[in-house]
Structure formats: C-alpha cells, structure tokens
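Take a look at the structure set out below.
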Amino acid sequence: MAAVLALLASFLFALAAVLQQRGALKLSEVSVRHPSSLLRLARQPAWLLGTLALLVGYGLQAAALDRGRLVVIQPLLVTTIVFALPLGYLLTSQHVGRVEILGAVTILVGLALFVAVGDPAGGRDDAPTGQWMVAILVIAAFCGGLLLFGDKESPGAKAGVYGTVAGVLFGLSATLTKPVVEALHEGIGVVLSDWMLYVLAAAGGIGFVLQQLSLATGRLAPSVATVSVANPVVSVLLGVLLFQERLSRPTWHVAVALAGLGLALAGAVRITLARENGPRGATALELPDE
C-alpha cells in the first residue's frame, strides 16, 4: 500500500508540474525580483489546479511515509519524470525525443529492480536534535552555494539549478514529514509545539517557490528531473544517516538493489542533460487560453 500511495503521489506531482508550468508560461516573466509575478500565478486557472494536485500529492506522500521506509518510498518518486514526459507533451507541447524515452525506460527498469530485490529493515522514527541541526546546516550551505554560484545563464541551466535546490529542500521536508506524522498520532497540540513542523513548512515553502521559477523557464524535463533526482537522494541519505534505515537482505540483494537505484537515477540525470527545445513552435504568450 505504501508503494502504491507513493506512485500515486508521483503522478500528481508530475501533473502539478505540467499544469503549473502551463500557467507560468502565460506570464511574460516569473522572478523573485518581481514578487508580483508570483502573485499573478495565482490568477491562472491551470496553475491553481496544479497546486491543488500538488497538495493532494503531498498528502499521499505523507501517508506513504507513515506506512513505509524512506529508503523505499522516496526513490519511487523518481517516476515523477516518467509521468511528466507524456503529460508535458500533451499539455504544454514539450519536446519528447528518443533520449527522454530511453531515460524513462531506464528509470522504470532500475526502480523495478530496487523494489523487487531491496528489503528495508531496522531504523527509528526520529533522530537526536543535534544530528538534525547538523544535517539542516549542511543542506542550507549546499543550497545557498548552488544558488549563488550555479551557472544560470541559459534557461536549461536555470531550470536545473532551481530544480536541484527545490528537490534538496523537498527531500529535507519529506524526511521531516515522518517524525511530524508520528507526532500527529499523539495529538495536534504535540505537532504544533514541535520545531520540526515549522522547518518542514519553511523548507517546503521555499522549495515550492524555487520550483515555480524552474518551471517558468519553459524547460519541463530538466526542471522535473532535477527535483525527482535530488529529492530521493537527499531523503535516502538522511534516512540512512539519521533514521538508521538499511537494506537487510543478503549482500548480493543489496548490491542489485543499489545498482537498480543507481540505474534509475542515471536515467533521470540523462533526461536532465538532454537538449530541451521547449514548447514546439510556440512562445509562452502563444499558448491557447484556458
């Protein structure tokens, strides 16, 4: 059931990204230098529908994490890019070529190996506050450095930088979701008094804004693929380091499972690096009205 919920969440995340991009492409510019442009997104019906899909996806992801392990649930979110390719082709006229298709097939094969052979065990529901603080500081430094020094000259590079930082922050918020959901079982008052809820909200909120900037470049594949790679990589690392989750089957099972995960991530990276042509023969302002 946890895996099914994660796959449903992946589909909704892909649908949300495509719809939000469709709304963003109707504006001349979306930038943090012009905060009003972000507010104008809220007047786009497609963007609002995408945001609704995103919120439902978050709910399904939280339910999946409540029932399963981070090291299995989060890698399944790589399928977001697989769902996004046909949706982007149909809804925003994104270019989908042989490289993108082969990358999607590679992702599916790799995840099939990982899920079939991997067997997570052990772990805990939370980690000491000190360990959390170290992890959050390292992630903040990485994200800040990438935003400051990442090459954002071209639309594709901009989509990749913003998408990567958004994915890292989503990975942090997903990891925090597990202890927050556990606290929710004890009552709403316990959750509201927990610092993790507010860090989760901040990381998710900043990641959300950066994802919109990434999607606004018109380059769907690198935008979604970087989020889909960074999110599970960060979550799995935090799951192993903070929650002490492990793959417990014999050594060769673990090797095959990790190889499958690596194959899936390689497929997503290949899609990220593929040349993006944006909307076929249309500019952002030439998209048909809703």
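For the range 100-114, putting each phi into the Karplus relation 6.51 cos²θ - 1.76 cosθ + 1.60 with θ = phi - 60° gives couplings of 5, 5, 4, x, 5, 5, 4, 4, 5, 5, x, 5, 4, 5, 4 Hz, in residue order, rounded to whole numbers and with x for Gly and Pro.
How much length is gained if the chain between D126 and R43 is pulled fully straight, taking 0.36 nm per residue apart and subtracting their Cα-Cα distance, in nm to one decimal? Write out the running numbers ahead of the final one.
Numbers: separation 83, 0.36 × 83 = 29.88 nm, distance 3.96 nm.
Value of the extension gain: 25.9 nm.
Of the peptides 227-236, 195-204, the ranking by mean beta-carbon count within 10 Å, highest at the top, reads 227-236, 195-204.
Take the Cα of A141, step 7 Å toward its Cβ, do the same at A116, and the gap between the two points is 4.2 nm. What number comes out for the charge environment of P179, summing +1 per Lys or Arg and -1 per Asp or Glu over other residues with Cβ under 14 Å away? Neighbour charge sum, excluding P179 itself: -4.
Ranked from highest to lowest mean number of other Cβ atoms within 10 Å per residue, what is the order of the peptides 143-149, 63-69?
On the way: 143-149: 12.7, 63-69: 20.7.
Highest-to-lowest ranking by the protection proxy: 63-69, 143-149.
Cβ neighbours within 10 Å, averaged per peptide: list 172-184, 92-104, 73-85 in order, most packed at the top. It would help to have the intermediate numbers written out before the result.
Values: 172-184: 22.8, 92-104: 18.7, 73-85: 26.4.
Highest mean packing first, the order is 73-85, 172-184, 92-104.
Read the figures in this text as sums done on the coordinates, not as results from a lab. Nothing here was measured: the structure is a model prediction, and the numbers come from that model. Every residue, glycine as well, gets a Cβ built from its backbone with ideal geometry; the counts of neighbours run over all protein chains shown.
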